[in-house]
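The values are calculated or read from the model by the stated rules, or taken from the named source; none is laboratory data. Since we're looking at a predicted model, the values are computed, not measured. Note that each Cβ is placed from the backbone with ideal geometry, even for glycine, and that neighbours are counted across all protein chains shown. Areas reflect the complete protein model, heavy atoms only, side chains present, ligands, DNA and RNA absent. Shrake-Rupley method; radii C 1.70, N 1.55, O 1.52, S 1.80 Å.
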Amino acid sequence: MMADTVTALILAAGKGTRMHSNRPKVLQTLLGEPMLEYVYRALEPAFGERIFTVVGFGAEQVESAFPERASNFVLQKEQLGTGHALQEAWESVQKTGAGYCLVINGDTPLATTEAVERLAAQAGRADVAFMTITPQDPASFGRVVRDDSGRILAIVEAKDYDHATHGPVTGEVNAGVYLLRMDSVGQLLDGLRAENNSGEYYITDLVAMAVEQGMTVEGVTCGADVNLMGINSPRELIDAEKTLRRRIVDGLIDEGVMIHNPDTVIIGPRVTVEPGAELFGHVEIYGESVVRAGSVLNSYTWITDSSFAPGCVVRQFCHVEQAEVGPDCVVGPYARLRPGAVLRKGAKVGNFVEMKKAELGEGAKASHLTYLGDAVVGAGSNIGAGTITCNYDGKNKFITTIGEGAFIGSNTALVAPVTVGRDALVGAGSTITKDVPDEGTAIGRAKQLNLKRRMKKS
Ligand code: UD1
Ligand code: CA
């Protein structure tokens, strides 16, 4: 309902000087995802497509991180402050025909859909409403000033706070989330001045301006359960990341995922873990990964953008990137699955095996010390220890195809492009440069010579 009349605007143009980084602040990552991703996730359920983003510093970088959002980006060429960012985006928001604009700082990744909806619900029909919090340390937050009867008078930035003028600090501060009535605030925008200790146009000045005009101003206080800290420094980012990690892991445990030693497990916000999956300590899962019910991920495994079917077991110390692990597979310990590794049902990849753009068919095994790159291995085949697909000639990559039920002896080099037929056998230590027919046997190695040993005479 709210989405019909409210358009959201994210302020994300700042450099984030206090991060000491060349990367735009909103692209700093938490649990492997850019800060801005969290803000989008919080807004999406309420606003869908009606989300504008003000970008400026490193705009191209932000655009390439969120190409699907770029059509709703507004460029703030010079970052003259949060009030200026709002001025620059105003027309775009107005064109949506919205009655209200919800503005949120892009550096608040802890914001939740519920918090944003609470602001909308409690703001009533105020001309200017904003969320307030009372953190342990008011740090650099804008201070909320109320009169004796509790009515909002102003937000005064930390740098500009003067006890003589503004009175003792109460600890209540501005969280950086605002609901602005378009008609009313439209009349105030031109009046913003950069006459303060930062020399910036502050969005927060709208509060005192609205009060002065006799408009309705509402400060919506959040409960202690709402954490809306802004991220301005590495310390704040790390603290927020801790909070997010905890939120995600606790949520999954409550849903029925078995997570042992949960304080050490890291799971990104886009990961799906089904109830009935089991994870052990120090597992890290990022990106768009999916872990189905009945799969087990053991300790010290790092995973990104990969999927795990029911009944599969990943043993300790594996590195898994853009891989697909089928049902009842066993991976590791110490396996490396690189992009395009696919394991069909019941396949097995053991220690020190690396796979890249390679498929292991149903029940196929590569148990030790093997490299499978640009390869297709048929069902039930066995790849002996030390087998290498030689897929690269220094310029191009070539494919190795191994049929069903083949047996590749240990320490074999398969020089691609090459095909080993169905039910074929390759003798240990072979260098295979020619195709092996179905049911054939190939041995490609120098014949052993047994000569008499020449002993030194003493
Ligand atoms: C701001 C508020 C402060 C509030 C705090 C909450 C102002 C003046 N102050 O302070 O009252 O307590 O957030 O976290 O707004 N940005 C732009 N363009 C600019 C400048 C900033 O888009 O020209 C963006 C930044 O990228 C950032 C957000 O606005 O995402 C807030 O800017 P920041 O400099 O972090 O403001 P704070 O000093 O934290
Ligand atoms: Ca901030």
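Put simply, of Leu27, Leu11, Leu31 the only residue that is touching a residue at least 24 places away in the same chain (Cβ under 8 Å), open to solvent by less than 10 Å² (accessible area, probe 1.4 Å), in contact with a helix residue (DSSP H, G or I) (Cβ under 8 Å, 6 or more places away or on another chain) and not polar (S, T, N, Q) is Leu31. For the stretch 121-144, taking the residues that are away from ligand 2 (no atom under 16 Å from the Cβ) and surrounded by fewer than 21 Cβ atoms within 10 Å (Cβ to Cβ), the one that is farthest from Leu75 (Cα to Cα) is identified as Gln136.
State whether the residues of the stretch 249-260 include one that is in a loop (DSSP other than H, G, I, E, B), out of contact with any Lys or Arg (no Cβ under 8 Å at 6 or more places or on another chain), more than 26 Å from Glu284 (Cα to Cα) and more than 16 Å from ligand 1 (Cβ to nearest atom). Working first, answer last.
Let us first name the residues in the stretch 249-260 that are in a loop (DSSP other than H, G, I, E, B), namely 256-257, 260.
Right, trim to out of contact with any Lys or Arg (no Cβ under 8 Å at 6 or more places or on another chain) and you get 256-257, 260.
Filter once more, so that each one left must be more than 26 Å from Glu284 (Cα to Cα): none.
Scanning the stretch 249-260 turns up no residue that is in a loop (DSSP other than H, G, I, E, B), out of contact with any Lys or Arg (no Cβ under 8 Å at 6 or more places or on another chain), more than 26 Å from Glu284 (Cα to Cα) and more than 16 Å from ligand 1 (Cβ to nearest atom).
Please pick out the residue among Val169, Val156, Val173 that is more than 26 Å from Val6 (Cβ to Cβ) and touching a Pro at 6+ places or on another chain (Cβ under 7 Å).
Working: Val156 fails: touching a Pro at 6+ places or on another chain (Cβ under 7 Å); Val173 fails: more than 26 Å from Val6 (Cβ to Cβ).
That would be Val169, the only listed residue that is more than 26 Å from Val6 (Cβ to Cβ) and touching a Pro at 6+ places or on another chain (Cβ under 7 Å).
Evaluation of Ser198 against the conditions (1) in contact with a Ser or Thr (Cβ under 6 Å, 6 or more places away or on another chain); (2) of a type in the set (Gly, Ala, Ser); (3) near ligand 1 (Cβ under 9 Å from one of its atoms) shows that the sole unmet condition is (1).
Those strands (runs of 3 or more DSSP E) of the stretch 332-437 in which at least 2 residues are closer than 20 Å to Val313 by Cβ and touching a Lys or Arg at 6+ places or on another chain (Cβ under 6 Å), considering only elements entirely within it, cover 348-360.
Residues considered: Lys395, Lys452, Lys457. Of these, the only one that is free of Cβ contacts under 8 Å to residues at least 60 places away in the same chain, under 40 Å from the mean Cα position of the chain (by Cα) and over 28 Å from Tyr334 (Cα atoms) is Lys395.
Considering the conditions (1) modelled with pLDDT of 95 or more; (2) under 18 Å from Tyr38 (Cα atoms), Gly214 is excluded by exactly one of them, (2).
Could you say which residue among Gly199, Gly223 is in a loop (DSSP other than H, G, I, E, B), away from ligand 2 (no atom under 16 Å from the Cβ) and at pLDDT below 95?
Checking each option against the conditions leaves just Gly223.
Of all residues in the stretch 145-163, those satisfying the criterion of being open to solvent by 60 Å² or more (accessible area, probe 1.4 Å) and away from ligand 1 (no atom under 12 Å from the Cβ) are Arg146, Asp148, Ser149, Arg151, Leu153, Asp162, His163.
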